[in-house]
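Below is one structure, written out as structure tokens; comments come after it.
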Amino acid sequence: MSIVMANDLCKHYGSSENPVKALSHAQFSMAKGERVALVGRSGSGKTTMLNLLAGLDRPTSGVLRVAGKDLPTLSSRALAQYRCRDIGVVFQSFQLLPNRSALANVEVPLMLQGMDATTRRQRALAALDRVGLSERAAHQPAQMSGGEQQRVAVARAVVHRPSVILADEPTGNLDSQSAEAVMALILEVVKEVSAALLLITHDHALARVAATRLVTMSDGCVKPAQRYHVT
Amino acid sequence: MSFRDIAAMAWHNLWSRKLRTFLNVLGVVMACVVLTMMLAGTRGVEESIHRLIEGSDDVRRFGIYRSYKPNTEVPEEALRVEEGTDPERRKRLQEHLRDVWLRTHSQRTQLTEVELKALAELPHMEELRPDGRLSGTLVAGNAKTNASIRIAPLNRAARARLVVGDYLEKGDDEGVLLGEYAAFRLGYTSDEDLRRLIGTEVSVSISLRNARISPLIAMLGIQPLTEASLARFRNAVDASKLQAVERAFLDAVMAKAITTSTNQPKTLTVTMTVRGIVREAKEEDSISIFNLIRDPSGADIFMTNARATELEMQQEGFTSFYAAIGMVDDVRHLGTLVDEVAALGFRTRSSRATVDKVDTELGKVRLALGGLSLLILCVSALGISNTMVVSVLERVREFGVLKALGAQDGSVLVLMLLEGAFTGLVGALVGIATSLGVSHFTSALAQQYISDRLRHDFDASVFRFAPADLLLVITIAVGVCTVAAILPAWRAARLDPIAAMRG
């Protein structure tokens, strides 16, 4: 059963007379727990696809169902709830709240869900512990390395146990050693929470390591999938 | 996201940007200090002045004068003033016309025993003294002196003028108070002399000739006519060739002359016991602006109301007192009592208008200072709004992340509004605390200034911090700062998370 299903998905920017077609009749789906790598050159529509799946943007036309929710029809309020309950996102530039501790950053999705302070603190500490940063819980992002910040971002993406995790170039800002460690961590925790993973990257080698299926995007269209052996 | 979490996040945001928060709070503090001091100062001065007024005998005292029955209908023709006259002038002229008409067509009210009794029984009338003009000769031992006689007032200010002995109490009709100067004229000067005088008997001889005619005769230097002189004058008139009208006129004059001049003036001598010695009033004994109706402190002899009134009414040709002095039990009832006295047909003179004027002026000061403080607060609010707009621009990425992670627009809006509200709350609390400190040091200066202006001791606290005022300051500060945050909050809430995260 598909956890993500995009059918005839279009996203146009600019004026109706002269639109920029970021996505053009894209077909895409993901099974529950599946790991998919979305590759393509810059401007191919990868980030647009991620924004639509993350509920940060709305498609111009087409069908987009994620975790049983028909995203184009959701209200702004329901879409915000979808973002904090059903998905977890790991951004390339970490996107941590600068004046908050690592622990507070990890707590944010749980806080947005309205969870009580004690429970969310326990869960956030557990998530930080899982990414090996429990001793840095009180530290602010500026006091941590890039690799550590991305590990905090991974903890934040999985702490609420979402059904889909979206990772947008998660190792793009890290050195090769940190990148390997972070990617390995993402794969481990994704497996633990049984979430589907959509990895956006232009690094085919990384895609081959992380994903069971490769989807290529070009000019806003999704090319036929290439399946890897599960490792 | 719960309200508690939003509030905690707002507080954390303020705390983590200390310099910005400090500058914002400082603006609010300054405005709140001005607002709090203004409210406390106005209230303090207002309450102190009211306390001064309420505790003052000068304000409670009012004059009562004979007038005309007000219930007499004045015909419209009598009040006719040309059309087109300025309305204010027309009103003033009509008052004159009404007065003239009443004088010629209406009965004048009198202040006889009956009216005085009715006035004394009015609610809230604490004391009523007819304003008599008795005089006589005061004899103590072998010494004697001419002396003016007045009723001893029973108020605090009058009692405070006691130098030696006890004050004269109501019902003590055999006792008298002597003026310090009268005692001096009798040869009693030192404290010991004055103490010797207490309890001794003095005699007071009072001429019962009509007080208003006697001084006139004396002034003109006319010798009273004897019976023989009058008879000769009458014969001369009879022998003259005067016309009937002229003869009638002279007859009337002679009839009057006989009643006022031919009778030997009666003299009444009463023996009384000295209870105390009083000094004359000094300027600082009263609040000059309210002292419209003065107590007769400069007399030589003071008697009880009952005794002096009884003597006054025994005078030849006495018909009515010219005036009386009333004393209301509480300043708050002054207006009501004065109105009731006026309704009985008497003219009054009281400090009511002055008290009202003081209230009005205090209200104006309060309004002006309040407006000024609000203006300062609004200027602070503009500064806060500006800083918060900059703060939103700086934190665009942060708001983008929050929204990308699932924060509702409303949560972001409330977050920013709460940051504004907290700024106002902290500013107000610090401002109030600062005001309390400042007031402690400035109170003495303000007291001195007010004392100088009133020419009366003013030792009450100048600043009065009422809980309601403090609550008002907090409400205004929080309200203004929250309003100042609306625009930045709206901008933050409406941010597109994708664009915001790009910065």
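Throughout, read-outs are computed from the coordinates displayed, never taken from laboratory work. What you see is a predicted model, and the numbers here were worked out from it, not measured in a lab. FYI the Cβ positions are ideal-geometry reconstructions off the backbone, even for glycines, and counts take in every protein chain you see.
Considering every alpha-carbon pair of chain B, the percent of pairs per 20 Å bin, from zero through the bin containing the longest distance, is 17, 30, 25, 16, 9, 3, 0. Whole-Hz Karplus values for the range B:412-420 come out as 5, 4, 5, 4, 5, 4, 5, 4, x Hz, taken residue by residue from phi with 6.51 cos²θ - 1.76 cosθ + 1.60 and θ = phi - 60°; glycine and proline positions read x. Amide H to amide H distances under 5 Å link B:Val164 with B:Ile277, where only residues 5 or more positions off or on other chains count and H is placed in the peptide plane. For peptide A:44-55, the mean count of partner chain Cβ atoms within 10 Å of a residue's Cβ comes to 1.
Neighbouring Cβ atoms from other chains, within 10 Å of the Cβ of residues in B:491-500, number 2 on average. Averaging the Cα positions of each part gives two centres, and for the range B:357-432 and the range B:153-191 these lie 66 Å apart. Could you work out the mean projected area of the convex hull around the alpha carbons of the range B:68-107, in square nanometres to one decimal? Hull-based average projected area comes out at 2.8 nm². In terms of overall dimensions, the range B:36-150 has a Cα radius of gyration and Dmax of 23.4, 72 angstrom.
Checking the a/c ratio against 1.5 first, then a/b against b/c, what shape does the Cα gyration tensor give for the range A:38-177? The shape class here is oblate.
Note on chain B: helix-only mean residue ellipticity at 222 nm, from DSSP H runs of 4+ residues weighted -39500 (n - 2.57) and normalised by residue number, equals -18500 deg cm²/dmol. Averaged over the residues of A:126-139, the number of partner chain Cβ atoms lying within 10 Å of the residue Cβ comes to 0. Going by neighbour counts of Cβ atoms within 10 Å, the residues A:Thr201, B:Thr269, B:Thr442 line up, fewest first, as B:Thr269, B:Thr442, A:Thr201.
Derived scalar couplings between HN and Hα for the range A:176-193 equal 4, 5, 5, 4, 4, 5, 5, 5, 4, 5, 4, 5, 5, 6, 4, 5, 5, 8 Hz in order, rounded to whole Hz, by the Karplus curve 6.51 cos²θ - 1.76 cosθ + 1.60 (θ = phi - 60°), x for Gly and Pro.
Close amide-amide hydrogen proximity is noted between A:Val89 and A:Leu166, each under 5 Å apart and 5 or more residues distant or on a separate chain (H modeled in the peptide plane; Pro and chain starts excluded). To test your reading of the geometry: what angle, between 0 and 90 degrees and rounded to tens, separates the Cα axis of helix A:102-113 from the longest principal axis of chain A? With rounding to tens, the tilt is 60 degrees.
For chain B, relative contact order (Cα pairs under 8 Å, six or more residues apart, normalised by length) works out to 31 percent.
The charge dipole of the range B:68-107, taken about its Cα centre with unit charges on the Cβ atoms of Lys, Arg (+1), Asp and Glu (-1) only, comes to about 200 debye. Our note on the geometry: Cα centres of the range B:301-349 and the range B:68-146, 11 Å apart.
Among the trypsin sites (Lys or Arg not before Pro) within the range B:142-208, those in coil by DSSP and having at most 12 neighbouring Cβ atoms inside 10 Å are B:Lys170. Here the ratio of the Cα radius of gyration of the range B:311-449 to 2.2 N^0.38 Å is 2.15.
Taking each of B:Lys144/B:Lys170; A:Lys32/A:Lys191; A:Lys11/A:Lys46; A:Lys69/A:Lys191 in turn, the alpha-carbon distance tops 18 angstrom for B:Lys144/B:Lys170; A:Lys69/A:Lys191.
Here, the protein assembly as shown is characterised by an Rg to Rh ratio of 1.38, where Rg is the alpha-carbon radius of gyration and Rh the Kirkwood radius. Each residue of the range B:440-445 was assigned a 3J(HN,Hα) from its phi angle through the Karplus expression (A = 6.51, B = -1.76, C = 1.60, θ = phi - 60°), giving 4, 8, 8, 4, 4, 4 Hz with x at Gly and Pro. Its relative contact order, with pairs defined as Cα atoms under 8 Å and 6+ residues apart, puts the range A:68-212 at 28 percent.
Taking amide H positions as modeled 1.01 Å from N, with prolines and chain starts lacking one, the residues under 5 Å from A:His25 and 5 or more places away or on another chain are A:Leu9, A:Cys10, A:Lys11.
Among the listed pairs B:Lys69/B:Lys117; B:Lys91/B:Lys117; A:Lys223/B:Lys403, those with a Cα-Cα distance over 28 Å are B:Lys91/B:Lys117; A:Lys223/B:Lys403.
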